[in-house]
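I have placed the structure first, in the form of structure tokens, so that the comments after it can refer back to it.
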Amino acid sequence: MTIGIDKIGFYTPHLYVDMNDLAEARDVDPGKFTIGIGQEKMAVAPLTQDPVTLAANAAWEIIDDQDRDAIDFVIFATESGIDHSKSAAIYVHQLLGLKSGARCIEVKQACYGATAAIQMAKGHVALHPESKVLVLGSDIARYGLNTGGEVTQGAGAVALLIGQDPRIMTLEEPSVYATEDIMDFWRPVYSEMAFVDGKFSNEQYLAFFNRVWEQYKSESGLALKDFAAICFHLPYTKMGLKALRTILDEGDEAVQERLKANFQMSQHYNRNVGNIYTGSLYLSLLSLLELQDELKAGDRIGLYSYGSGAVGEFFSGILQPDYKQHLHVQDHKAMLNSREALTVAEYEDIFKSTLPTDGTTVELDVEQDPAPIVLASLADHKRQYLSR
Ligand code: HMG
């Protein structure tokens, strides 16, 4: 039996800020944001989108009635969750109409959470081959206005259906991982915004990458030439490029050209959405699979997951025959192209607007949000979602 990714869904809100506009407003050379950081557009979530709705919208496009019968485990990875107690997975379970004979949990380890969820899902399917597991990686990244991290914000979700005999990609062994207690990026429970030691976080991202990559090669016996592409967690696209560059000279010219060309394809969606934390690596994988026509069944894709704090993991997957038929290329193209540009002033207004925390009732203007699933209101400290 093989186990892996059977379907991939993606959702990002309908609003964005252009990085050239942000650079102008922050009195920064636009090249710093578009080349030095490598971002073009940053998705902005209106109040009607939260991590629950982003995830539910991402899953909505891939789940059919057969999946509803088979899904018995929903794992929601997030670091911008809406409740310290109840898992966001339960809301999505309800919004998607999944069967009640299911487990629903939320997992957290910064941007690494969805990778932990996938590995957990793999174990579950190995024990219960008929099961399918819905893994969600959904976040709204907030560093604050006028901060160094502002240009690396974003919002969105990826939904992955994990099952046996997957149609998109099987997941291979070994998977190599490492943990160390460091303070490169964190968000105390009392803070809406993340704290970050930017330069240290960059160094640690690379150090973890080199560590797990070396270990992976020694455990697997594989080398750089065995990979058609390597996808990275992309807090901003230049970060992945920096990591790739540290190992490129392990391959000959043809290998280097292939990996660089495929990296270009794998960063396109992230460049236009921003950091979506838990979903970021899988958005990069989706970008590669949907935009690169040169890949073929049997190709091996490497995946580097990093979550500050920190945990790093390197693993790989093999593309399956006709994988492209199970993607939603045109829908994603339409979603990204139909977004509305915000002025920086409009983005700042949205950034500053918050939901009440004192239990008062608020009705949100859902007509302005084209998403199928929205946050409609709050009353008595409870969120009411609307699926339409
Ligand atoms: P900064 O200090 O604003 O930027 O911070 P900088 O001065 O380092 O410049 C960035 C790059 O732009 C440099 O290139 C400059 O040379 C270049 P580099 O040396 O890095 O190759 N540059 C220009 N290029 C072209 N034209 C120009 C120009 N000017 C300068 N005119 C930083 C940047 C990323 C640190 C900041 O945005 C930040 O703190 N971001 C948040 C933290 C982050 O994303 N860290 C990444 C690793 S940690 C991680 O991935 C985990 C995370 O996702 C969280 C989680 O796990 O939950 C963040």
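For segment 233-369, the Kirkwood hydrodynamic radius comes to 17.8 Å, computed from all pairs of different C-alpha atoms.
Please build a GNM for the chain, connecting alpha carbons under 10 Å apart, and tell me which residue among I63, I35, I71 fluctuates the most. Among I63, I35, I71, the largest GNM mean-square fluctuation belongs to I35.
Using every pair of separate Cα atoms, the Kirkwood estimate puts the hydrodynamic radius of the chain at 20.9 angstrom. By the helix-only formula, in which each DSSP H run with n ≥ 4 contributes -39500 (n - 2.57) and the sum is divided by residues, the chain has a 222 nm mean residue ellipticity of -9500 deg cm²/dmol.
Which whole-angstrom value gives the distance between the alpha carbon centres of segment 51-78 and segment 204-241? Taking the Cα centre of each part, segment 51-78 and segment 204-241 sit 29 Å apart. For segment 96-134 and segment 243-272, write down the distance between their C-alpha centroids in whole Å. Measuring centre to centre over Cα atoms gives 30 Å.
Viscosity 0.890 mPa s, temperature 25 °C: give me the Stokes-Einstein translational D for segment 170-322 in µm²/s, with Rh taken as the Kirkwood radius over C-alpha pairs. D, rounded to a whole number, is 155 µm²/s. Close amide H partners of D50, meaning residues 5 or more places away or on another chain with modelled amide H under 5 Å apart, are L375.
Within straight-line reach of K32, meaning a Cα separation under 18 Å, sit the following lysines at least 8 residues removed in sequence or on another chain: K41, K199, K238, K242.
For the chain, build the charge dipole from Cβ charges (+1 Lys, Arg; -1 Asp, Glu) around the Cα centre, then report which of Q94, S338, A223 sits farthest towards its positive end. Farthest along the dipole direction, towards plus: A223.
Rg over Rh for segment 24-75 works out to 1.26, using Cα positions for both radii and the Kirkwood form for Rh.
Placing +1 on each Lys and Arg Cβ and -1 on each Asp and Glu Cβ, with no other charges, gives the chain a dipole about its Cα centre of roughly 400 debye. Given R0 = 30 Å, the distance between the Cβ atoms of Q215 and T2 translates into a calculated FRET efficiency of 0.80. When both bridge partners sit in the chain, DSSP labels roughly 75% of those beta bridges antiparallel. Taking the centroid of alpha carbons for each part, segment 139-189 and segment 302-339 are 12 Å apart.
Since every read-out is calculated from the coordinates, none of them should be taken as a lab result. Model, not experiment: these values are computed from the prediction. For neighbour counting, all protein chains shown are included, and Cβ atoms are generated from backbone atoms with ideal geometry for every residue, glycine included.
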